[in-house]
1. Pairs of alpha-carbon atoms within less than 8 angstrom and 6+ residues apart define the contacts here; what relative contact order does the chain have, in percent?
2. Pairing the Cα long axis of helix 89-101 with the longest principal axis of the chain, what angle in degrees results, from 0 to 90 and rounded to the nearest 10?
3. Can you tell me the relative contact order of region 1-77? Whole percent, Cα pairs under 8 Å, sequence separation 6 or more.
4. Rounding to the nearest 20 debye, state how big the charge dipole of the chain is about its Cα centre with +1 on each Lys and Arg Cβ and -1 on each Asp and Glu Cβ.
5. Would you mind checking the pairs K101/K127; K41/K68; K29/K126; K68/K101 and listing those with alpha carbons more than 31 angstrom apart?
6. How large, in Å, is the chain by the Kirkwood hydrodynamic radius built from its alpha-carbon pairs?
7. Over the chain, with a Gaussian network built from C-alpha contacts below 10 Å, which listed residue (R90, R75, R115) shows the highest mean-square fluctuation?
8. Using the Karplus curve 6.51 cos²θ - 1.76 cosθ + 1.60 with θ = phi - 60°, what ³J(HN,Hα) values do you get for each residue of region 24-34, in whole Hz, with x for Gly and Pro?
Amino acid sequence: MSTDLQWLLIRKYNSFLVKKVPEGPIFSKEPGNLLNLHSHKYSGLANSKTIDIQSSESGLQITTLKSKASPHAVRPARSTANVRNRSGGRRSLGVVASVAKRGYRPDLRAAALGRTSALLAAQKEKKASPPKKVRGKKAAASIP
């Protein structure tokens, strides 16, 4: 079945749709959708080649679909690359960019880099805020 036909069948009714505002944008929670926007370009269900980037305990998990795999083979049709937390942002961004550089959905390169950056920022531990300094009359009063 062609990807256009798949999109026509699932675009109005699927379990991943998120319609928060009646007149607003329509979002999607499907796996492989990098921007979580409900559109044919970013759909993880209606495209034969998808890039899925998820956060895992060990770091980032980048999953792509092999284009020549059998439609009946679900697990062997996926190729997974793991990037450890400690390897840094430049390495993970390089791994994601290399997927697009090899010609595998180069139109999704910016979306994949944006998703990777957001996941890396969410994984970082936040620094404690420094204590507030006393200013003005209170600071002058505390000086002996």
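The values are calculated or read from the model by the stated rules, or taken from the named source; none is laboratory data. Everything quoted here is computed from the prediction, not taken from an experiment. Glycine gets a Cβ as well: all are built from the backbone with ideal geometry, and neighbour counts include every protein chain shown. Keep in mind that these areas ignore ligands, DNA and RNA; they rest on the heavy atoms of the full protein, side chains included. Shrake-Rupley method; radii C 1.70, N 1.55, O 1.52, S 1.80 Å.
1. Values: 167 pairs, mean separation 20.7, N = 144.
Rounded, it is 14 percent for the chain.
2. Tilt relative to the chain: about 20 degrees.
3. Numbers: 100 pairs, mean separation 14.1, N = 77.
Contact order relative to length: 18 percent.
4. On the way: 28 positive and 7 negative charges, 173 e Å.
Using only the charged Cβ atoms, the result is roughly 840 debye.
5. Over 31 Å Cα-Cα: K101/K127.
6. 18.0 Å
7. Answer for the Gaussian network model of the chain: R75.
8. x, x, 9, 9, 9, 9, 6, x, x, 9, 6
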